[in-house]
Amino acid sequence: MSEPSSSAVAVVTGSASGIGRALVDACESRGMHVFAADISSENPVDVSTRADVEAFARSVYEQTDNVDFVFNNAGVMPVGALVDTTDADWARVIGVNLLGVMNVVRAFVPHLRGQPRRGHIVNTASLAGFAPPTGARAGAYAATKAAVVSVSESLAHELQPDGIGVSVVCPSGVATHIFEPERLPAEREASDHPTMSVPDGLMEPAIAARRILDGVLLGRFYVFTHTDDTVRQRLFGRWAAVEADFTAAAERGPTC
């Protein structure tokens, strides 16, 4: 594993809690200087607002001439059935989870291209981006995370000539505040409970962050924090279904 240099610099969005906070700690424990951004911090940065992100990037590069890692980690998870998801809820989850990722990419890539060391972008998606969990009522979240996987795959090809690395993180259940989500309007009115309890048996953010950082330093594109049998079945079960239907279509041949 290639350890970061003592002068390495990391940027972390969504840094106030959960995986983001743990990534800050993990990077600092390896000697990196970290620039942290969060909507709830003293100087808030809303990743869904491009002006906020551009101002944050300028502030970072006023203090350093090189960023080695950009951890694109901010995210929200509205809870509710897809048919009940309002335009406002869609705008929020897409604005943070997808456009927020691209706002950070667009703000930092011009700097990464011109700096002494090219750097590495790390986008947090989710296992739900490959295999949405059944019964979780998190379809809007899963849709945006699938988009983050696709965006990351495209970015890896686009930025390769510039020497800029890209990884996409695909965690399963981690004990974070994302399980205290913004409920959909109908559920806010119907429920006496403003938050959703954190399920039992989830991975601690510190463990997830260490696995993420290890995967990035090993040069992996897809970084998985969970590798248990349940995750394996969810992930490869989807590919098995795709392969089966593709094979059936190929064997049948064209019908017109």
- [ ] Determine whether VAL223 is within 14 Å of CYS170 (Cα to Cα) and at pLDDT 95 or above.
- [x] yes
- [ ] Considering every residue within region 146-166, establish whether at least one is of a type in the set (D, E, K, R) and within 18 Å of LEU213 (Cβ to Cβ).
- [x] no
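Among VAL70, VAL47, VAL96, which is the only one that is modelled with pLDDT of 95 or more, assigned to a loop (DSSP other than H, G, I, E, B) and either surrounded by 17 or more Cβ atoms within 10 Å (Cβ to Cβ) or in contact with a Cys (Cβ under 7 Å, 6 or more places away or on another chain) (or both)? If you could, list the steps in order and put the result at the bottom.
On the way: VAL70 fails: assigned to a loop (DSSP other than H, G, I, E, B); VAL96 fails: assigned to a loop (DSSP other than H, G, I, E, B).
The match here is VAL47.
Residues in region 65-90 that are of a type outside the set (Gly, Ala, Ser) and closer than 30 Å to ALA8 by Cα: how many? Talk me through it step by step, then tell me what you get.
Of all residues in region 65-90, those of a type outside the set (Gly, Ala, Ser) come to 65-73, 76-79, 82-87, 89-90.
Narrowing the set further to residues that are closer than 30 Å to ALA8 by Cα leaves 65-73, 76.
The qualifying residues number 10.
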Open item on the list: Quick test of your reading of the structure: ILE39 fulfils all but one of (1) within 24 Å of PRO171 (Cα to Cα); (2) surrounded by fewer than 16 Cβ atoms within 10 Å (Cβ to Cβ); (3) β-branched (Val, Ile, Thr). Name the failing condition by number.
Closed with: (2)
TODO: Give just the number: which of (1) within 24 Å of ASP38 (Cβ to Cβ); (2) out of contact with any Ser or Thr (no Cβ under 9 Å at 6 or more places or on another chain); (3) modelled with pLDDT of 90 or more does ASP162 not satisfy?
DONE: (1)
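In region 99-114, which residues are modelled with pLDDT of 95 or more and not hydrophobic (A, V, I, L, M, F, W, C)?
Residues of region 99-114 that are modelled with pLDDT of 95 or more, as a first pass: 99-113.
Result: GLY100, ASN103, ARG106, PRO110, HIS111, ARG113.
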- [ ] Scan region 77-93 for residues that are modelled with pLDDT of 90 or more and aliphatic (A, V, I, L, M) and jot them down.
- [x] LEU82, VAL83, ALA88, ALA91, VAL93
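Listed here are the residues, each with its yes/no results for (1) under 15 Å from SER48 (Cα atoms); (2) crowded, with 19+ Cβ neighbours inside 10 Å; (3) in the same structural domain as PRO205 (by TED's automatic domain parsing).
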{"position": "GLY100", "(1), (2), (3)": "yes, yes, yes"}
{"position": "PRO110", "(1), (2), (3)": "no, no, yes"}
{"position": "ALA125", "(1), (2), (3)": "no, yes, yes"}
{"position": "SER150", "(1), (2), (3)": "no, no, yes"}
{"position": "GLN160", "(1), (2), (3)": "no, no, yes"}
{"position": "SER167", "(1), (2), (3)": "no, yes, yes"}
Task: Filter result (of a type in the set (S, T, N, Q) and assigned to a strand (DSSP E or B)) within region 6-15 - done: THR13
TODO: Scan region 229-251 and report the pairs whose first residue is more than 12 Å from LEU127 (Cβ to Cβ) and whose second residue is in a helix (DSSP H, G or I) and aromatic (Phe, Trp, Tyr), with Cβ atoms within less than 7 Å and a gap of 6+ or a chain change.
DONE: none
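To keep it simple, each residue is scored yes or no on (1) of a type in the set (Lys, Arg); (2) modelled with pLDDT of 90 or more; (3) in a helix (DSSP H, G or I); (4) within 30 Å of VAL83 (Cβ to Cβ).
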position	(1), (2), (3), (4)
ALA140	no, yes, yes, yes
THR144	no, yes, yes, yes
VAL149	no, yes, yes, yes
GLU153	no, yes, yes, yes
VAL168	no, yes, no, yes
PRO171	no, yes, no, yes
ASP192	no, no, no, yes
TRP239	no, no, yes, yes
PRO254	no, no, no, no
Open item on the list: Being part of a loop (DSSP other than H, G, I, E, B) and of a type in the set (A, V, I, L, M) is the filter here; which residues of region 117-138 pass it?
Closed with: ALA125, ALA131, ALA136
- [ ] Would you please name the residue that is surrounded by the most Cβ atoms within 10 Å (Cβ to Cβ), looking only at residues in region 16-36 that are outside any helix (DSSP H, G or I) and small (Gly, Ala, Ser)?
- [x] ALA36
Open item on the list: Contact list please: Cβ distance under 7 Å, first residue in region 138-167 and closer than 24 Å to ARG113 by Cβ, second residue at pLDDT below 95 and not hydrophobic (A, V, I, L, M, F, W, C), pairs at least six apart or on different chains.
Closed with: VAL148/GLY129; VAL149/GLY129; ASP162/ARG118; GLY163/ARG118; ILE164/ARG118
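The values are calculated or read from the model by the stated rules, or taken from the named source; none is laboratory data. Being a predicted model, the structure only gives us computed values, none of them experimental. Ideal geometry is used to build each Cβ from the backbone, glycine not excepted, and the neighbour counts take in all protein chains shown.
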